[in-house]
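Enquirer: One structure coming up, written as structure tokens, with questions to follow.
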Amino acid sequence: MKEANADMLLWSAFQNGDRKAFASIYQKYIDELLSYGYRVTSDRQLIRDSVQDLFLHIWVRRGNLAVTDSIKFYLFRSLRNRIIRNLEKHPERLHADIGMVAELAEDSNVFESAIFGHDGPSDSYEKLAEAVNRLSPRQREAVQLRYLHGFSLDEIAEMMQMNNQSVRNLLHRAILQLRLFFETAGGLLVFLSALQNFSGR
């Protein structure tokens with residue numbers, strides 16, 4: 001509740017033309033937005049352009065934007081829609097490799113930290129990257145939104161334009177596949193079991 005109120009106040013200040021509020025929003029979410037975008041497509045220039053366009057758009061249109069109590073959700077949903085539109089305009093750039101974990105590890109260890117809670121063994125990390133890459137693009141995106149960025153099932157459903165049960169099914173199948181891949185890795189199996197329980201909340 002406190003976070004929602006804080007977001008509403010920050011968003012209101014931004015809509016009223018407060019440049020510091022806009023800068024705060026940018027600084028708070030830019031890394032997460034880029035990280036998410038890089039897992040939607042390997043075209044990094046398209047992602048950078050999409051993020052830049054998004055922030056330019058919301059600044060120019062700030063007075064006409066809807067009120068929100070979750071700036072993060074608003075930005076992620078807007079960025080996803082913008083990326084999809086850009087990819088539809090340039091289908092030759094479509095390359096759904098959301099699970100490029102191994103390459104992205106050079107830029108961010110957020111995925112590894114989420115899985116291990118610390119700097120995990122490199123061999124286990126490579127196995128995790130391989131396992132995630134075996135998921136379908138929509139499964140990988142749903143897993144990322146749920147477990148890396150902390151969105152609720154309802155938020156993911158709205159963002160991915162699916163119903164709540166379809167998101168549950170998507171996550172359930174993804175976790176089952178990861179569990180199957182790691183059936184001999186005790187530590188990760190425990191973690192993935194916890195993830196499966198968490199996804200039902």
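The values are calculated or read from the model by the stated rules, or taken from the named source; none is laboratory data. Since this is a predicted model, take the numbers as computed values, not measurements. So basically every Cβ, Gly included, is an ideal-geometry build from the backbone, and we count neighbours across all protein chains shown. Note: areas computed on protein heavy atoms with side chains; ligands, DNA, RNA excluded. Shrake-Rupley method; radii C 1.70, N 1.55, O 1.52, S 1.80 Å.
Enquirer: Carbon and sulfur together cover what percent of the accessible area of the stretch 9-68 at a 1.4 Å probe radius? Mind dumping the intermediate values first?
Expert: Working: 1570 of 3170 Å².
It is 49 percent, rounded to a whole number.
Enquirer: Please name whichever of Phe151, Ser166, Leu135 sits farthest to the positive end of the charge dipole of the stretch 130-180, dipole taken about the Cα centre and charges placed at Cβ: Lys and Arg +1, Asp and Glu -1.
Expert: Leu135
Enquirer: Right, something else. Mind giving me the nanometre distance, one decimal, between the label points for Asn5 and Lys28, set 7 Å out from Cα along Cα→Cβ?
Expert: 1.5
Enquirer: Taking the highest mean first, how do the peptides 34-45, 138-149 order by number of other beta carbon atoms within 10 angstrom per residue?
Expert: Working: 34-45: 19.0, 138-149: 21.4.
Descending packing order for the listed peptides: 138-149, 34-45.
Enquirer: Here is a further query. Using each residue's phi in the stretch 142-155, evaluate 6.51 cos²θ - 1.76 cosθ + 1.60 at θ = phi - 60° and report the 3J(HN,Hα) Karplus result to the nearest Hz, with x for Gly and Pro.
Expert: 3J(HN,Hα) across the stretch 142-155, in whole Hz: 5, 4, 5, 4, 6, 9, 9, 9, x, 6, 6, 4, 5, 5.
Enquirer: Right, here's the next one. Calculate one ³J(HN,Hα) per residue across the stretch 40-52 by plugging θ = phi - 60° into the Karplus curve 6.51 cos²θ - 1.76 cosθ + 1.60, and present them in order as whole Hz with x for glycine and proline.
Expert: Values, residue by residue: 8, 8, 7, 6, 5, 5, 4, 5, 4, 5, 5, 5, 4 Hz.
Enquirer: Shape of the stretch 20-60 from its Cα gyration tensor (a ≥ b ≥ c, root eigenvalues): rounded if a/c is under 1.5, otherwise prolate when a/b > b/c, or oblate? Provide the component values of the computation, followed by the final result.
Expert: Numbers: a/c = 3.53, a/b = 1.66, b/c = 2.13.
Oblate shape, in that a/c is at least 1.5 and b/c is the bigger or equal ratio.
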